[in-house]
1. Just one of (1) open to solvent by 30 Å² or more (accessible area, probe 1.4 Å); (2) in contact (Cβ under 8 Å) with a residue 40 or more places away in the chain; (3) under 26 Å from Val169 (Cα atoms) trips up Gln138, so point out which.
2. Residue by residue through region 162-179, note down the ones that are over 12 Å from Phe193 (Cα atoms), free of Cβ contacts under 8 Å to residues at least 60 places away in the same chain, open to solvent by less than 20 Å² (accessible area, probe 1.4 Å) and not small (Gly, Ala, Ser).
3. Please work out which residue is nearest to Glu9 (Cα to Cα), limiting yourself to region 78-101 and to residues that are acidic (Asp, Glu) and out of contact with any strand residue (DSSP E or B) (no Cβ under 9 Å at 6 or more places or on another chain).
4. Would region 92-109 turn up any residue that is open to solvent by less than 30 Å² (accessible area, probe 1.4 Å), under 16 Å from the mean Cα position of the chain (by Cα) and of a type in the set (Phe, Trp, Tyr)?
5. Here is a check on your reading of the model: is Gly53 under 18 Å from the mean Cα position of the chain (by Cα), more than 22 Å from Tyr179 (Cα to Cα) and not in a strand (DSSP E or B)?
6. What are the residues in region 58-77 that are in a loop (DSSP other than H, G, I, E, B) and within 16 Å of Glu9 (Cβ to Cβ), if any?
7. So if I check each of Val49, Val41, Val88, which one is modelled with pLDDT under 90 and out of contact with any Ser or Thr (no Cβ under 8 Å at 6 or more places or on another chain)?
8. What is the one condition in (1) in contact (Cβ under 8 Å) with a residue 40 or more places away in the chain; (2) buried (at least 19 other Cβ atoms within 10 Å of the Cβ) that Pro131 does not satisfy?
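The values are calculated or read from the model by the stated rules, or taken from the named source; none is laboratory data. Predicted model, so just to flag it, every value in this text is computed and none were measured. Here the Cβ positions follow ideal geometry from the backbone for every residue, glycine too, while neighbour counts run over all protein chains shown. Side chains included, ligands, DNA and RNA excluded: accessible areas come from the protein's heavy atoms. Shrake-Rupley method; radii C 1.70, N 1.55, O 1.52, S 1.80 Å.
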Amino acid sequence: MKMLIVEDEAAIRQQLTDYFSSQNFVIDAVADGEEGAWQAVEYDYDFAVIDLGLPKMDGMEIIRRLRAAGKKYPVLILTARGHWQDKVEGLEAGADDYLVKPFHNEELRARANALIRRAAGSATPQLQFGPIAIDTAQKRVLVSNVAIELTSYEYNTLEYLALHAGKPVSKTELTEHLYHQDFERDSNVIEVFIGRLRKKLDPDNQLKPISTIRGQGYRFTVEAS
């Protein structure tokens with residue numbers, strides 16, 4: 001999952017970056033409101049954490065701008081402002097959740113995962129597609145109740161496709177959500193991950209869970225059950 005962090009306190013920004021990177025998130029982290037607003041509108045993310053008291057532009061304005069630009073990804077406000085009026089204003093501006101500092105990384109991760117699942121139309125961490133079970137909380141995959149060993153990038157590729165099941169996902173979109181902005185976009189690494197996933201999920205070539213859509217990318221084809 002690709003995550004935007006807009007936080008001016010360097011220690012907290014680094015704390016979030018280190019923690020969520022360890023949870024296999026791809027992170028874009030910025031320190032001021034103007035840069036945060038540009039990032040939020042220019043790129044697509046799976047989730048954003050935005051502070052309110054930022055230099056150059058307030059977090060509320062960032063949220064208003066990204067919603068006005070048609071961005072629908074979940075946004076959580078992370079701030080020291082704990083008054084209920086601030087919470088109401090933030091939610092009415094377009095935020096999806098609100099967490100007051102100080103906070104625990106694990107709570108923020110749980111909220112992030114819940115918001116990402118909700119945005120994809122799933123109410124629980126367990127995704128079931130025929131014989132394929134994906135636990136988005138434990139980052140674990142089973143096929144016919146047998147655990148499948150995946151690398152972090154293989155898992156992230158599968159999770160992203162599964163959360164967008166039935167919809168074509170381009171190689172560019174996958175690359176943007178799996179890697180930082182400076183990743184070489186012409187690399188065939190996505191094709192390698194898809195090939196590995198097909199072999200691990202469907203060694204007998206019976207299920208065909210991931211199809212190639214000419215000119216559009218890939219599609220997770222197994223229906224949710």
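1. The one condition Gln138 does not meet is (2).
2. Val169 - this is the single residue of region 162-179 that is over 12 Å from Phe193 (Cα atoms), free of Cβ contacts under 8 Å to residues at least 60 places away in the same chain, open to solvent by less than 20 Å² (accessible area, probe 1.4 Å) and not small (Gly, Ala, Ser).
3. Pass one, region 78-101, residues acidic (Asp, Glu): 86, 89, 92, 96-97.
In the following step, the residues that additionally are out of contact with any strand residue (DSSP E or B) (no Cβ under 9 Å at 6 or more places or on another chain) were identified as 89, 92.
Details: Glu89: 22, Glu92: 25 Å.
Here the answer is Glu89.
4. No, region 92-109 contains no residue that is open to solvent by less than 30 Å² (accessible area, probe 1.4 Å), under 16 Å from the mean Cα position of the chain (by Cα) and of a type in the set (Phe, Trp, Tyr).
5. Details: under 18 Å from the mean Cα position of the chain (by Cα): no; more than 22 Å from Tyr179 (Cα to Cα): yes; not in a strand (DSSP E or B): yes.
Taking the combined requirement at face value, the residue does not satisfy it.
6. Quick first cut of region 58-77, residues in a loop (DSSP other than H, G, I, E, B) only: 58, 69-74.
Within region 58-77, just Asp58 meets the criteria.
7. Working: Val49 fails: modelled with pLDDT under 90; Val41 fails: modelled with pLDDT under 90.
Exactly one of Val49, Val41, Val88 is modelled with pLDDT under 90 and out of contact with any Ser or Thr (no Cβ under 8 Å at 6 or more places or on another chain), namely Val88.
8. (2)
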